[in-house]
1. Over the Cα atoms of the stretch 103-182, what Rg and Dmax result, in angstrom?
2. Quick one: 3J(HN,Hα) in Hz for the stretch 370-379, Karplus 6.51/-1.76/1.60 with θ = phi - 60°, rounded, Gly and Pro as x.
3. State the percent of C-alpha pairs, over all pairs in the stretch 292-406, separated by a distance greater than 20 angstrom.
4. What translational diffusion coefficient, to the nearest whole µm²/s, does the stretch 357-429 have by Stokes-Einstein, given a Kirkwood radius computed over alpha-carbon pairs, a temperature of 20 °C and 1.002 mPa s viscosity?
5. Using amide H atoms built 1.01 Å from N in the peptide plane, name the residues 5+ places from D222, or on other chains, whose amide H lies under 5 Å from its own.
6. Excluding ligands, DNA and RNA, what is the solvent-accessible area per residue of the chain at a probe of 1.4 Å, expressed in Å²?
7. Which ³J(HN,Hα) values in Hz, rounded to whole numbers, follow from the phi angles of the stretch 315-331 under the Karplus curve 6.51 cos²θ - 1.76 cosθ + 1.60, where θ = phi - 60° and Gly and Pro get x?
8. Mind listing the long-range amide H neighbours of L426? Cut-off is under 5 Å, sequence gap 5 or more, other chains count too, H placed in the peptide plane at 1.01 Å from N.
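The values are calculated or read from the model by the stated rules, or taken from the named source; none is laboratory data. Just so it is clear, the structure is predicted and the values come from calculations on it, not from any experiment. Using ideal geometry, Cβ is built from the backbone for each residue, glycine included, and neighbour counts are taken over all protein chains shown. With ligands, DNA and RNA removed, areas are computed over all heavy atoms of the protein, side chains included. Shrake-Rupley method; radii C 1.70, N 1.55, O 1.52, S 1.80 Å.
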Amino acid sequence: MPGADAGSGREKGRNLPVFFKVKTTEEVLEIVKGFDPVEGETVSLSEAFGRVLYEDVFSPEDLPGFPRSSMDGYAVRAGDTYGASESLPVFLEVVGEVTMGEIPARRVGPGEAVKISTGGMIPEGADGVVMVEYCHVLDEKTIEVIRAVSPQENIILPDDDISKGSLVLGRGRRLRPQDLGAMAGLGILEVKVYRQPRIAIISTGDEVIPPGEKPKPGQIRDINTYTLGAFCEQNGAVPLYLGLCRDEFEPLRESVEKGLRGADSVWISGGSSLGTRDLTVNVLESFDSLEILVHGISISPGKPTIIGKAGARAVFGLPGHTASAMVVAEVFLRPFLSALAGQRVEESEAPVGKVDARLTRNIESAGGRDDFVRVRLIKEDEGWAAEPIFGKSGLISTLVEADGLVRIDRNTEGLYQDQKVQVLLLRPW
């Protein structure tokens, strides 16, 4: 049990210097991606959407498994159509029709044709399909063909889609609708995936009250529990709500210990910055098995972020201000959840969820830190424009209005109007 050997009343690290392990964005990303993924479990195909594959999926058979037509038309011997044109059509005898879902009743001989629909099985003897647009029906038994086809034209071969034994989906892939479709087509009804990470969420602060209560002067309703919980669900994790916690050492320590016992990671909002009642780092230091990896990140907003490691579990001390907490979530917790869920690094870093845009105005920035500016996207004739949304880190409205974040590198003094920027999208689902 993490921390079971620590004295419950010890407040270790009370005099530690603030931000004694400040890290850059790149350093923190390397840290959060370094945590081991969770275990695997087998789920039904209907439950697999959005999950990450625990192992490679190989094809048990060819797909489609039989030669089929990719067009409506007539199955023919390709050689019988050579030289066909509008001025010199080829005449073929229609000897039947392929019934969908059944094996053709007869083969195609020289000078013969069989009517076929898209998806129908190619009858023996035929090696091409003439599209219906190039066939004219003369009577019930005769068509004229005005365009030649080559062998295998308009035919899908048994292994054209997926061949037996081939790698269909690789380990670490987050499953999309088309991935489920491929497995369904191959008759794969169950798949082994990483289980969904469990995230314990603790919201701290003497001033924070449940949303259902009326705030008194100096009080605010709990926002971070719900934003962080929804963020977990959005990224395939399961939030475990441990409730509100006052700014007191023992209650917070008990909540953290509970989270370490029942979850894969613990997220604490509030209590991570400098202040007489900011106890998160002191609580974490009281666990003998917990190591502080980061105490401060060179970003804005979100500098007072703490990251600790207890065995295989990560503990995050997030800023109490909502905008700061959510910027940290988008930049660092999203890749962390991807790593925890077993998603391949190259796939989690793909440019999905990003868009290039033109900046609508100058933005100043202080050197030595990465600034993440909230922006609103505006559609233009030649692409997108990114309009900055300015506001203090405690304002939820700036996030509600924002479509994404623009990063200003710590080695620059700002961005200029009309400059091309990359926007990290705040996804709408």
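1. Values for the stretch 103-182 (Cα only, Rg and Dmax): 17.8, 58 Å.
2. For the stretch 370-379, the Karplus curve yields 8, 9, 10, 9, 6, 9, 9, 8, 10, 6 Hz.
3. 50 percent
4. 171 µm²/s
5. I209
6. 49 Å²
7. 10, 10, x, 9, x, x, 5, 4, 4, 5, 4, 6, 5, 4, 4, 5, 7
8. G404, L405
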